[in-house]
Amino acid sequence: MSYVKVEKPRPHTTVITLNRPERMNAMAFDVMVPFRDALQEVSFDNDTRVVIVTGAGHGFCAGADLEDPGWLDIFDGLTMPGIARRAMKVLEDVIKSIRDMHQPVIGAVNGAAIGGGFCLAMATDIRLAAESAYFRPAGINNGLTSAELGLSYLLPRSIGASRAFEIMLTGRDVDALEAERIGMVSRVLPDAELLDACFEVADRIIGLSQVGVELSKQILSAGLEAGSLHSHMNHEGHAQLFVRMTTQNFEEAIKARKQGRAPHFKD
């Protein structure tokens, strides 16, 4: 059985599903390694314009697999400290693979996003949640830290420092409606309507310039790390000039607007 499903149910949209619902899609290595590989492969599928990440069953991702995390050959010959470092690298590569994808990644958070699953959800570019979804920074409740897999970087930038500190230091659950109110997710949908709503967002993105969308994603991500407004505006300006001077997209947009039709961007 494949624990990761890769499907293209609609033109230019790929859905990657964590597929171990009986364990709430926990982060065992036999799930995370093929998931990482699928993300990296789909990133270079130039027919895919948008990626949707979701979980099978009633959970998005339950974080660490407490039943059987599995074993990888890269652990052979190492003591526990070495194994721990290699294991963390695998999980970090999953988060970085999402951030590095050429395409925008929509997180269809269909249920519990716990611990590492919370981090996974926050790594996606756009998040829509089912009414049954909730988010939990589990580490702090288990005597560890709630800061893992980039969460202490991503969450404050999404919802502000004060809210992020309160959630991560108390370890409390954030339900879907609160997540929408504080900006953690864009929208909350009835469970049965979640994927259709994600497809609607994807279709909107697909109608735009491919190179424009890819550069916009990169610049938005870079903006989270920008050292100054001045340097970031230079980055934005070069990207804008690149698309303006190397394509006919702007001319096509003006012509389409005058003709009362949707533009067809050829990049």
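No lab work stands behind these numbers, since they all come straight from the coordinates. Fair warning: this is a prediction, and the values are worked out from it, not measured in the lab. Cβ sites come from the backbone with ideal geometry, for glycine too, and all protein chains shown count toward neighbours.
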Pop out the ³J(HN,Hα) list for segment 238-247 in order, Karplus 6.51 cos²θ - 1.76 cosθ + 1.60 with θ = phi - 60°, rounded to Hz; leave Gly and Pro as x. 5, 5, 5, 5, 4, 5, 5, 8, 10, 9
Any lysines with Cα under 23 Å of the residue 258 Cα? List them, leaving off those in the same chain fewer than 8 positions away. 266
Can you give the extra length, in nm with one decimal, that the chain gains between residue 165 and residue 200 once fully stretched, where that is 0.36 nm per residue apart less the Cα-Cα distance? 9.3 nm
How far, in nm, would the chain grow between residue 220 and residue 7 when pulled straight, counting 0.36 nm per residue and subtracting the alpha carbon separation? 74.0 nm
I need the calculated FRET efficiency for the pair residue 186 and residue 67, taking r as the beta carbon distance and R₀ as 22 Å, to the nearest 0.05. 0.10
Quote the convex hull volume per residue of the chain, based on C-alpha atoms, as a whole number of Å³. 154
By count of other Cβ within 10 Å, fewest leading, how are 92, 148 ordered? 92, 148
Over segment 209-259, how many percent of alpha carbon pairs lie in each 10 Å bin up to the one with the longest distance? 24, 44, 24, 8, 0
Report the net charge of residues surrounding residue 126, where surrounding means a beta-carbon distance below 11 angstrom and charges are Lys +1, Arg +1, Asp -1, Glu -1. +3
Fraction of alpha-carbon pairs over 12 Å apart in segment 112-174 - percent: 64
Net charge contributed by nearby residues that have their C-beta within less than 15 Å of residue 112 (K/R +1, D/E -1): -2
Using 1/(1 + (r/R0)^6) with R0 = 41 angstrom and r between the beta carbons of residue 153 and residue 252, what's the FRET efficiency to the nearest 0.05? 0.60
Please list, or write none, the lysines whose alpha carbon is within less than 21 Å of the alpha carbon of residue 5, excluding same-chain residues fewer than 8 places away. 96
Could you identify which residue out of 224, 241, 194 has the top mean-square fluctuation in a GNM of the chain using Cα springs shorter than 10 Å? 241
Principal axes of segment 9-148: Cα extent on each, largest first, Å: 47, 33, 26
